[in-house]
Amino acid sequence: MKYRSPKSRFNVDLKFRTYDDVEKTGVIRGQVVDFLDDPGRNALLMKVKYDNNEDGYLIAPEGICVGDYVELGVQAKIAFGNVLPLYRIPEGTTIYNVEKTPGDGGKFIRSPGTSGTVIAREAGKVSIKLPSKKTITISSESRAQVGIINGGGIKERPLMKAGTAHHKHKARSTHIWPKVRGVAMSAYNHPHGGKQHHVGKPTTVARGTPPGGKVGHIAAKRTGRKAKG
């Protein structure tokens with residue numbers, strides 16, 4: 001069971017509300033009533049009470065407070081936290097929580113402190129620059145939130161001790177930790193191993209090998225595990 005993601009402990013299956021006729025033709029308004037720290041993600045979520053008495057959760061942008069209002073729909077304003085289809089968002093706007101296909105609830109750009117940018121629109125398609133600098137092209141009917149996700153810089157804070165790192169990774173169970181460096185391993189366990197402490201292949205190379213081929217163990221007497229006895 002180690003490293004299995006504890007889905008039962010996650011509080012919210014985070015998605016946009018169903019893309020109905022209200023959003024397709026007008027706007028629905030909601031008030032931020034609370035914030036939620038979900039174990040499933042590092043960014044805070046905001047609980048929204050909509051005008052039609054529905055409750056929902058959205059990823060909170062930077063700068064939003066309890067009591068503020070957000071809007072969803074084609075007639076929504078270009079303001080932090082609001083959800084609009086991409087064809088209504090001007091070029092150069094920072095966005096996050098972008099749908100891959102219209103109505104899927106949001107797939108791209110959901111990590112703390114990240115945001116993407118709308119860079120071009122044409123023929124029912126919109127090009128978006130992701131935080132990784134990669135550019136993707138998706139349907140202009142897909143929805144996105146305006147702004148920057150809260151929690152930026154969370155990975156820059158030092159953990160200070162191994163116990164803190166242990167509890168951090170155990171809570172999420174999504175990363176194998178601790179992780180041993182390849183150069184600290186033996187040659188038969190990892191391509192970087194063998195006490196050479198440099199990135200190379202665990203192969204024996206002759207001293208007369210031309211430059212560019214001298215990788216791994218140079219003129220080693222043996223490689224691998226020593227035989228017993």
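The values are calculated or read from the model by the stated rules, or taken from the named source; none is laboratory data. Predicted, not measured: the structure shown is a model, and the values here were computed from it. Backbone-built Cβ (ideal geometry, glycine too); neighbour counts: all protein chains shown.
Numerical summary
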read-out	value
Selected residue [surrounded by 14 or more Cβ atoms within 10 Å (Cβ to Cβ), assigned to a loop (DSSP other than H, G, I, E, B) and in contact with a Phe, Trp or Tyr (Cβ under 6 Å, 6 or more places away or on another chain)] from G105, G113	G105
Odd one out for V32, checked against (1) under 16 Å from I138 (Cα atoms); (2) in contact with a Cys (Cβ under 8 Å, 6 or more places away or on another chain)	(1)
Tally, over the range 155-184, of residues that are part of a loop (DSSP other than H, G, I, E, B), farther than 19 Å from F108 by Cβ and of a type in the set (S, T, Y)	1
Residue within the range 45-57 that is under 26 Å from G153 (Cα atoms) and of a type outside the set (A, V, I, L, M) present	yes
Counted residues, the range 130-154 - those being without any contact (Cβ under 8 Å) to a residue 60 or more places away in the chain and either loosely packed, with under 12 Cβ neighbours inside 10 Å or assigned to a strand (DSSP E or B) (or both)	9
G92 vs. criteria surrounded by 15 or more Cβ atoms within 10 Å (Cβ to Cβ), on the phi > 0 side of the Ramachandran plot, part of a loop (DSSP other than H, G, I, E, B) and out of contact with any Phe, Trp or Tyr (no Cβ under 7 Å at 6 or more places or on another chain)	no
Residue within the range 167-181 that is modelled with pLDDT under 90 and of a type in the set (G, A, S) present	yes
Qualifying positions in the range 30-50 - surrounded by fewer than 18 Cβ atoms within 10 Å (Cβ to Cβ), more than 21 Å from the chain's Cα centre (by Cα) and not hydrophobic (A, V, I, L, M, F, W, C)	Q31, D34, K49, Y50
